[in-house]
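This report refers to the structure that appears directly beneath it.
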Amino acid sequence: MIEKVPVLVTGGAGYIGSHAVLALADAGWPVAVIDNFSTGFRFAIPAGVPVYEGDIEDGALLARIFAEQCTRAIIHFAGSIVVPESVSDPLKYYHNNTVKSRALIAAAVTAGVPHFIFSSTAVTYGEPETSPVTEDSPKRPINPYGMSKLMTEHMLADTARAHPLNYCALRYFNVAGADPAARSGQSTVGATHLIKIAVEAALGKRSHVGVFGTDYETPDGTGVRDYIHVADLADAHVLALGALLAEPQRSLTMNCGYGRGFSVLEVLDAVDRVTNLKLDRRIEPRRPGDAGSLVSDNRLIRATLPWQPRFADLDTIVGHALAWERRLGEIRGEG
Ligand code: UDP
């Protein structure tokens, strides 16, 4: 039985971070949050969890949190995540994702916090030549977002060699869905992700869904992605934490996906099934930079952690996203 040590979650008011906080709290881990609330929401953090409003660049604040909370592990989600913005404003990404991660890692080393989990991304692979993608596939990010994340992976690898710290980098595929009890979900205004857009359209917040390209080398010509339910992803973080504690000499880098893909049209069909409506689909040109197919090879995480995905069914993912979208409307007082 692993001792449940105090965990600090950075970006715990954000989409994935808030689900990790829920998973940790539900499993009985002492958890605290630091968030600068640039994109996160207070309503996403469960009551009773200590929240520090501030920046991970603030070494004095981190030192105080580590002391007050007796922090023994960090799960690091805080960062910027909009790929096109990273192209137009690369230095923002190298600052928020790379420079600030460096400050956080340095604070962890100084305070002797021994375990670190990092929110990485399949975007580090760039446009993979083969799909499914294994962890040792070439990492050739095609945008500053992916590069800013990959640089942090390298910092962690080098730091773990030099200092008493082990880490786990989890490379997420397409994260979707929401807490099954609708305590949190994807709340970003102006989101660009397919399932979020499709459920917004189903609730009448949008007139239609654009299908970005129908001439990819995929079975129906539309883009194929490995959609992973955010609650299963959150569970993977909790299990990864257990693995870091159990083997303090071992660091891990693992894909997080289900190892199977759905096309854009298959996702929209699922939304139709779940809602009993028929979404208006409009064929549009390819979105620049989109790969045809991006699917994980997830054998490593399955062999390493006792991870049992609970919500892999696409209709379940869509159903939870839809329930959250409705709840979000209530929170925001819409309709
Ligand atoms: N997509 C689409 N219409 C949209 C949003 C996305 O056709 O309104 C497609 C996109 O081209 C890709 C897939 O859906 O093939 C997933 O895109 P998303 O933005 O959700 O995630 P990404 O894979 O780009 O991180």
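The values are calculated or read from the model by the stated rules, or taken from the named source; none is laboratory data. From a predicted model like this one, the values you see are computed outputs, not experimental measurements. All Cβ positions, even for glycine, are placed from backbone atoms using ideal geometry, and neighbour counts span all protein chains on display.
Would you check which residues across the range 36-51 are surrounded by fewer than 21 Cβ atoms within 10 Å (Cβ to Cβ) and not basic (K, R) and list them?
N36, F37, S38, T39, F41, F43, P46, A47, G48, V49, P50, V51
Pick out, from the range 54-111, the helices (runs of 4 or more DSSP H) lying fully within it that include 3 or more residues that are out of contact with any Asp or Glu (no Cβ under 9 Å at 6 or more places or on another chain) and surrounded by 15 or more Cβ atoms within 10 Å (Cβ to Cβ).
59-69, 83-88, 100-111
Name the pairs: first residue in the range 217-246 and farther than 19 Å from Y15 by Cα and of a type in the set (S, T, N, Q), second residue at pLDDT below 95 and within 16 Å of the ligand (Cβ to nearest atom), Cβ to Cβ under 6 Å, at least 6 apart or on different chains?
Within 6 Å, the pairs are T218/G292; T218/S293.
Output the qualifying pairs, or none if there are none: Cβ atoms under 6 angstrom, residues six or more apart or on different chains, first residue in the range 184-197 and under 15 Å from V267 (Cβ atoms), second residue in a helix (DSSP H, G or I) and more than 6 Å from the ligand (Cβ to nearest atom).
Q186/Y15; Q186/K196; L194/V267; I195/A321
Give the residues of the range 66-95 that are in contact with a helix residue (DSSP H, G or I) (Cβ under 8 Å, 6 or more places away or on another chain), more than 16 Å from the ligand (Cβ to nearest atom) and closer than 30 Å to G190 by Cβ, sorted by residue number.
I74, I75, H76, F77, A78, P90, K92, Y94
Collect the residues in the range 167-183 that are in contact (Cβ under 8 Å) with a residue 40 or more places away in the chain, of a type outside the set (S, T, Y) and away from the ligand (no atom under 12 Å from the Cβ), keeping them in residue-number order.
C168, A169, L170, R171, G177, A178, D179, P180, A182, R183
I'd like to verify a number: residues in the range 258-288 that are part of a strand (DSSP E or B), within 9 Å of the ligand (Cβ to nearest atom) and over 14 Å from I197 (Cβ atoms), how many?
1
Name the pairs whose Cβ atoms lie under 8 Å apart, with the first residue in the range 260-280 and farther than 20 Å from V133 by Cβ and free of Cβ contacts under 8 Å to residues at least 40 places away in the same chain, the second assigned to a helix (DSSP H, G or I) and acidic (D, E), and 6 or more positions between them or separate chains?
From residues that are farther than 20 Å from V133 by Cβ and free of Cβ contacts under 8 Å to residues at least 40 places away in the same chain, the pairs are K278/D272.
For V31, work out the one condition from (1) touching a strand residue (DSSP E or B) at 6+ places or on another chain (Cβ under 9 Å); (2) modelled with pLDDT under 95 it doesn't fulfil.
(2)
Looking at this structure, is A13 closer than 30 Å to L194 by Cα, part of a loop (DSSP other than H, G, I, E, B) and touching a helix residue (DSSP H, G or I) at 6+ places or on another chain (Cβ under 7 Å)?
Taking the combined requirement at face value, the residue satisfies it.
Out of the residues in the range 189-203 that are over 17 Å from the mean Cα position of the chain (by Cα) and within 8 Å of the ligand (Cβ to nearest atom), which is surrounded by the fewest Cβ atoms within 10 Å (Cβ to Cβ)?
Per the criteria, the residue is I197.
Got at least one residue in the range 137-157 being of a type in the set (D, E) and either buried (at least 21 other Cβ atoms within 10 Å of the Cβ) or farther than 20 Å from A236 by Cβ (or both)?
no
Within 19 Å of P132 (Cβ to Cβ), away from the ligand (no atom under 12 Å from the Cβ) and surrounded by 17 or more Cβ atoms within 10 Å (Cβ to Cβ) - does that describe any residue in the range 206-229?
The answer is yes; a qualifying residue exists.
Of the conditions (1) within 16 Å of the ligand (Cβ to nearest atom); (2) of a type in the set (S, T, Y); (3) without any contact (Cβ under 8 Å) to a residue 40 or more places away in the chain, T121 clears all except one; give me its number.
Against the list (1) within 16 Å of the ligand (Cβ to nearest atom); (2) of a type in the set (S, T, Y); (3) without any contact (Cβ under 8 Å) to a residue 40 or more places away in the chain, T121 comes up short only on (3).
Yes or no: the range 122-139 includes at least one residue that is within 30 Å of A323 (Cβ to Cβ), assigned to a strand (DSSP E or B) and touching a strand residue (DSSP E or B) at 6+ places or on another chain (Cβ under 6 Å).
No: zero hits.
Considering D232, D297, D290, which residue is modelled with pLDDT of 95 or more and closer than 22 Å to Q186 by Cα?
That would be D232, the only listed residue that is modelled with pLDDT of 95 or more and closer than 22 Å to Q186 by Cα.
Cβ-Cβ below 6 Å, separation at least six or inter-chain, first residue in the range 23-49 and under 11 Å from S184 (Cβ atoms) and touching a residue at least 60 places away in the same chain (Cβ under 8 Å), second among the hydroxyl-bearing types (S, T, Y) and buried (at least 19 other Cβ atoms within 10 Å of the Cβ): which pairs?
Close Cβ pairs (under 6 Å, with a partner that is among the hydroxyl-bearing types (S, T, Y) and buried (at least 19 other Cβ atoms within 10 Å of the Cβ)) amount to F41/S187; A44/S18; A44/S184.
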